[in-house]
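In what follows, a single structure is set out as structure tokens and then discussed.
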Amino acid sequence: MSVFLLLLVTTALSVVMLMVLLSLARHAVAGMRAWSLANALAIAALPLFAARGHVPDLLSFDFANLLLLCAPILMYAGFLQHLGKPVPVRRLGALVVVSTAALAWFHYVVDMTALRIALTSLFHGVVNAAMAWALRRSAHHPAPHPNAARYPARFAFWAAAWQVAGYGARFVLYMGNLDADVSLFDASVLNVAFVALGTLALPTLTLGAVMMANADIIARTTYAAEHDYLTGAWTRRAFSRLAERERARIGRGGGAPSVLVFDVDHFKSINDTHGHALGDQVLVDIVLRAGSVLRGIDACARLGGEEFAVLLPQTGHADARAAAERLRATLEGGAVRDAVGGLVRYTVSVGVATLDGGEPIASMMERADAALYAAKAAGRNRVCCAQDGAGAPAGGATLQV
């Protein structure tokens, strides 16, 4: 393949990548704008390189090189933004200015093509090394969120690392042979290979960026489907799925789970007296405070309205009762401020149930719910346990709720 055809093919690839990025723009993924602009610059630069000798050097050399220097800088900035890291704008800008000035000097003042190639390789190698360094943690460390995929970051990391190796080899080769008579359109296998390395770098990195953006969109969508929009607690459906998973674990030798079902005492009165906005604050405060007393494997869910549930994996009756009491006491100490700065306190009533043998999860939830109603009937701000007969009237009949 000739260099001219390679430039045109890579331009087409950059167009495709830009269209893919634009199709994801509505999801507001961090870094998307920088990645898109990087490809737009490449789409403008590559045809100018291909037109060298047919258009003024100011366009085919100076302007084209400036665009192609800015493109990887923008890719790097996009990765930093996506990873939530600061972008060193001044240092990157200074790098582009110095590199552009050096290329112009060794073109118009001292014409040394091999040295220009070496300097360009050094620039791209440094930027790709910075990209690989920024991506290394996401690529090789455990994902911070169960829905976060590490493969896209690994792909982008190795794409950048591969570029560092290639540009490093190119830099060493041309620095060791500064008198070489070379040109952009040299048809030698080595020149075509190095041009391919440089022109295909951006589409490859963009593919990694698209994969990371797609993983981010999937993670956010999954999180939104599984978590309550107000409090961040698990949804009822997600809670049921987690509970069924714990039930299945019993058959593999795991301990039985327990569940705490609780709601806010006199919540309607809070809403009527202070407004629904403050009632929402109470719900958010509950989830935050509940998280302070739960273990990492416990799951807090909002079942609806002011009713919540906590799943305690592999937790027996006595430990579940103790956890419920800690939760009740913690929430009893909770308070939110109203519009005038006053403290509005609240309490919760808690029902506890432990899975009994092979009973369905729904049955355990019904028993916990019955215990919750028994706690309310007994005066509120207390814990009642299904295993202690809470919610069962004299004679052992099941309380209908």
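The values are calculated or read from the model by the stated rules, or taken from the named source; none is laboratory data. A quick note: this is a predicted structure, and the numbers were derived from the prediction, not measured. For neighbour counting, all protein chains shown are included, and Cβ atoms are generated from backbone atoms with ideal geometry for every residue, glycine included.
Please list, ordered by residue number, the helices (runs of 4 or more DSSP H) wholly in the stretch 1-99 having 3 or more residues that are without any contact (Cβ under 8 Å) to a residue 24 or more places away in the chain.
3-23, 32-50
Looking at (1) over 21 Å from residue 375 (Cβ atoms); (2) more than 31 Å from the chain's Cα centre (by Cα); (3) in a helix (DSSP H, G or I), can you tell me which one residue 244 breaks?
With (1) over 21 Å from residue 375 (Cβ atoms); (2) more than 31 Å from the chain's Cα centre (by Cα); (3) in a helix (DSSP H, G or I) applied to residue 244, the lone miss is (2).
Listed residues 318, 323; which is buried (at least 16 other Cβ atoms within 10 Å of the Cβ), modelled with pLDDT of 90 or more and not in a strand (DSSP E or B)?
323
Does the stretch 292-307 hold any residues that are more than 27 Å from the chain's Cα centre (by Cα), not charged (D, E, K, R) and not in a loop (DSSP other than H, G, I, E, B), and which are they?
Residue satisfying the conditions is 304 alone.
For the stretch 261-279, check the following and say yes or no: at least one residue is farther than 30 Å from residue 20 by Cα, modelled with pLDDT of 90 or more and among the aromatic types (Phe, Trp, Tyr).
yes
One line per residue, one yes/no per condition, for (1) small (Gly, Ala, Ser); (2) crowded, with 18+ Cβ neighbours inside 10 Å; (3) over 27 Å from residue 18 (Cα atoms); (4) assigned by TED's automatic domain parsing to the domain that holds residue 124:
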position: 198; (1), (2), (3), (4): yes, yes, no, yes
position: 206; (1), (2), (3), (4): no, yes, no, yes
position: 210; (1), (2), (3), (4): no, yes, no, yes
position: 214; (1), (2), (3), (4): no, no, no, yes
position: 218; (1), (2), (3), (4): no, no, no, yes
position: 221; (1), (2), (3), (4): no, no, no, yes
position: 231; (1), (2), (3), (4): no, yes, yes, no
position: 241; (1), (2), (3), (4): no, no, yes, no
